[in-house]
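A.B. asks: Take a look at the following structure, please.
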Amino acid sequence: MTEKSIKHLLMEDKANEAAEQLRQNKYEAALAKYDTALDDEEVKQAVAKIIAKKVPENDTVDVKKFLLGSVELTSLSTTDTEEHILAMVERVNSFAHDYAELPHVATICTYPNFARLVSESLEVDGVEVTTVCGNFPSSQTFIEVKVAETALAVKDGATEVDIVLPVGKFLSGDYEGLCDDISELHQACDGAPMKVILETGDLVSASNIKKAAILSMYAGADYIKTSTGKEKVSATPEAAYVMCQAIREYYEQTGIQIGFKPAGGINTVHDAVTYYTIVKEVLGDAWLTNKWFRMGTSRLTNLLLSEIIGEEVKYF
């Protein structure tokens, strides 16, 4: 190789390095508009204060009715069968008649291979067909596989799509790769709203959660969601608080409203009321609709219904 060729290669390497730095700087610049240097203990104290002072006043039947209408009735089990999913859909259909005075659930959420079944058997207007896509719950596969799965789910009738943040890319600082993945999947949704699951238990710190939330919204998320429910740590009030802060600040910067969905580990009515309260205190009434606030759970549905009715009900 000639000296001229070597110099040319060195110059090419430097140009590529500079271009890569420029691309990464774009995402760092986006993050720089927000306060991401959060103190975990301060977040914990702020949440404890909200829970102690505000949760009791929201422990009402009206709030529980609202929460029932924000539930994403979910089945994401290895043992799911067409018969099981169909039975779940039929309960949603019959609920609209048996409890006509109460709000129906917001969505039915399943794996993507059940999208057509849910879409074709669901009879209730206003209930969305949600599927988890993009190699849920790990997000660890080829982007082509994620895109194909997402596109097929939408083609089969999914009206909303949940994907998982590529957590490994975030932790390694590959913000460009992370945003590219989310953006490609958003395009594959073909207009169907897309929720990005941050898997907050794996992000560990409040600072990381806020950065991941901002990058997800920047890349095209229509909602941000706490967890898959498949990891050791799922939704927490502290993660919800930080994510709602990010949503509020993003709205102030861009004028774009982003939805919020806590999911995983919502086991009691008190848990649900706590998340409602955090949304109310941080984001305000504009987010208190079943379009902008969702809860991913199944076990909670009967608990909410029981408290609303005033006796134990096992309907779902």
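Values quoted throughout were computed directly from the atomic coordinates according to the rules given, and no laboratory measurement underlies them. It should be emphasised that the depicted structure is a prediction, and the values quoted were computed from it without experimental measurement. Positions of Cβ are backbone-derived with ideal geometry, glycine not excepted, and every protein chain shown enters the neighbour counts.
A.B. asks: At what distance in angstrom do the alpha carbon centres of the range 242-316 and the range 104-136 lie from each other?
C.D. replies: That distance is 19 Å.
A.B. asks: For K291 and A37, compute 0.36 nm times the residue count separating them, minus their Cα-Cα distance, and round to one decimal in nm.
C.D. replies: Result: 88.4 nm gained on full extension.
A.B. asks: Report the convex hull volume per residue for the range 104-232, counting only C-alpha atoms, in Å³. Write down the numbers at each step before the final one.
C.D. replies: Details: hull volume 13.1 nm³, N = 129.
Hull volume normalised by residue count: 101 Å³.
A.B. asks: If you don't mind, there's one more thing I want to ask. Rounded to two decimal places and with Rh computed the Kirkwood way over Cα pairs, what is Rg over Rh for the range 38-97? List each step's numbers first, then the result.
C.D. replies: Details: Rg = 18.4 Å, Rh = 15.2 Å.
Rounded to two decimals, Rg over Rh is 1.21.
A.B. asks: Dividing the alpha-carbon radius of gyration of the range 250-309 by 2.2 N^0.38 Å (N being the number of residues), what value is obtained?
C.D. replies: Values: Rg = 12.9 Å, N = 60, 2.2 N^0.38 = 10.4 Å.
For the range 250-309, the normalised Cα radius of gyration is 1.23.
A.B. asks: Give, rounded to the nearest 20 debye, the magnitude of the charge dipole that the range 204-259 has about its Cα centre when Lys and Arg contribute +1 at Cβ and Asp and Glu contribute -1 at Cβ.
C.D. replies: Magnitude of the dipole: close to 180 debye.
A.B. asks: For the chain, give the magnitude of the charge dipole about the Cα centre (Cβ charges: +1 Lys/Arg, -1 Asp/Glu; no others), in debye to the nearest 20.
C.D. replies: Value, rounded to 20: 500 debye.
A.B. asks: Let me ask you something else. With each run of n ≥ 4 DSSP H residues scored as -39500 (n - 2.57), what mean residue ellipticity at 222 nm is computed for the chain after dividing by its residue count and rounding to the nearest 500 deg cm²/dmol?
C.D. replies: Theoretical 222 nm ellipticity from helices: -17000 deg cm²/dmol.
A.B. asks: Charges on Cβ only, +1 for Lys and Arg, -1 for Asp and Glu, centred on the Cα centroid of the range 184-294; of A263, A239, L198, which one is farthest towards the dipole's positive end?
C.D. replies: A263
A.B. asks: Across 5 Å bins from the origin, how do the percents of Cα pairs in the range 58-134 run, short distances first?
C.D. replies: 3, 16, 27, 23, 15, 10, 5, 2
A.B. asks: So if I restrict to the alpha-carbon atoms in the range 188-244, what is the Rg, and what is Dmax, the biggest pairwise distance, in Å?
C.D. replies: Looking at the range 188-244, its Cα Rg and Dmax stand at 11.3, 33 Å.
A.B. asks: Relative to the Cα centre, what is the charge dipole magnitude of the range 94-221, using +1 at the beta carbon of each Lys and Arg, -1 at the beta carbon of each Asp and Glu, and rounding to the nearest 20 debye?
C.D. replies: Values: 7 positive and 19 negative charges, 82 e Å.
Charge dipole of the range 94-221: 400 debye, to the nearest 20.
A.B. asks: If r is the Cβ-Cβ distance from E312 to D59 and R0 is 22 Å, what FRET efficiency results, to the nearest 0.05?
C.D. replies: 0.75
A.B. asks: Where does each of 233-243, 113-123 land if you order them by average Cβ count within 10 Å, highest first?
C.D. replies: 233-243, 113-123
A.B. asks: Using packing as a proxy for protection, rank 79-92, 271-284 so that the peptide with the highest average count of other Cβ atoms within 10 Å comes first.
C.D. replies: 271-284, 79-92
A.B. asks: Roughly how large, in nm² to one decimal, is the mean projection of the convex hull of the alpha-carbon atoms in the chain?
C.D. replies: 18.7
A.B. asks: Take the range 76-176, compute every pairwise Cα distance, and split them into 5 Å bins from 0; I just need the percent in each bin.
C.D. replies: Answer for the range 76-176: a P(r) of 2, 13, 21, 19, 16, 11, 8, 5, 3, 1, 0 percent.
A.B. asks: Using only alpha carbon pairs under 8 Å that are at least six residues apart, calculate the relative contact order of the range 128-219 and give it in whole percent.
C.D. replies: Computed value for the range 128-219: 30 percent relative contact order.
A.B. asks: Treating only the Cα positions of the range 169-316 as identical point scatterers, give the base-10 log of I(q)/I(0) from the Debye formula at each q in 0.18 Å⁻¹.
C.D. replies: -1.05
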